[in-house]
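Working notes, beginning with the structure itself.
The values are calculated or read from the model by the stated rules, or taken from the named source; none is laboratory data. Predicted, not measured: the structure shown is a model, and the values here were computed from it. Here the Cβ positions follow ideal geometry from the backbone for every residue, glycine too, while neighbour counts run over all protein chains shown.
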């Protein structure tokens, strides 16, 4: 597709379960970002990939959160032992260039995660 | 705390009026970007202004940047109901963007 694709669009799960969120960036975009957005709030940076490596993972809130990217394309964000405070919309974005934030970021529509 | 802070938090105007949103930030930046988010959707890039630029136009959008005051403004002229959305500024420093908490704009038909 032409844009950034995220799946699933909605995920409801019980506290304590693990979840995996997927992001398909725009083809050819080397930089990929994950953000978290709580209701009515701005975006909280989680992690940045350049190719398959993550030079900046300083935004991950705890060791329950991890992310990987394979083949310089698809990325998965994994949350282990989910807690209710993990409920939020998780947004993925990609951009061309070297990821020096001098290019626009293109966003997917996000995964809305609800922890019961 | 957020690097970019928008004000007002919410703005309600009539169709045809102009809308002005402001953004303040704290540290040095490479560039500043404005994004729009419709309800339930991802963010859409509107305009990027570099730190050595003072004003930029794109269609009905006008962005200014004052690095001495660490502030930016987004003006939407001749607003339309379809402009109803949240608007975020994002400051660029290094490899990441830091977003403010946004202005919710409502344009009434």
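Details
- The numbered conditions (1) farther than 18 Å from residue A:44 by Cα; (2) in contact with a strand residue (DSSP E or B) (Cβ under 6 Å, 6 or more places away or on another chain) are all true for residue B:78 except (2).
- Test for residue A:50: is it facing another protein chain (nearest Cβ under 9 Å), without any contact (Cβ under 8 Å) to a residue 60 or more places away in the chain and either out of contact with any strand residue (DSSP E or B) (no Cβ under 8 Å at 6 or more places or on another chain) or more than 22 Å from residue B:31 (Cα to Cα) (or both): no
- Set A:91, A:77: member being in a strand (DSSP E or B) and more than 10 Å from chain B (Cβ to nearest Cβ): A:77
- Applying the criterion of being more than 10 Å from every other protein chain (Cβ to nearest Cβ) and buried (at least 23 other Cβ atoms within 10 Å of the Cβ) to the residues of the stretch A:24-35, the residue that is farthest from the chain's Cα centre (by Cα) is A:25.
- Count of the stretch B:36-45 residues which are surrounded by 13 or more Cβ atoms within 10 Å (Cβ to Cβ) and assigned to a loop (DSSP other than H, G, I, E, B): 3
- Matching residues, the stretch B:14-26, being away from every other protein chain (no Cβ under 13 Å) and either free of Cβ contacts under 8 Å to residues at least 60 places away in the same chain or over 12 Å from residue B:74 (Cα atoms) (or both): B:14, B:15, B:16, B:17, B:20, B:22, B:24, B:26
- Within the stretch A:38-47, considering residues that are within 12 Å of the chain's Cα centre (by Cα) and more than 9 Å from chain B (Cβ to nearest Cβ), the one nearest to residue A:112 (Cα to Cα): A:46
- Restricting the stretch B:1-35 to residues that are at pLDDT below 90 and assigned to a strand (DSSP E or B), the residue that is nearest to residue B:92 (Cα to Cα) is B:5.
- Of the strands (runs of 3 or more DSSP E) entirely within the stretch B:62-109, those holding at least 1 residues that are more than 9 Å from every other protein chain (Cβ to nearest Cβ) and under 23 Å from residue B:41 (Cβ atoms) occupy B:71-76, B:85-93, B:103-108.
- Complete set of residues in the stretch A:53-62 that are more than 10 Å from every other protein chain (Cβ to nearest Cβ) and either closer than 19 Å to residue A:83 by Cα or crowded, with 18+ Cβ neighbours inside 10 Å (or both): A:54, A:60, A:61, A:62
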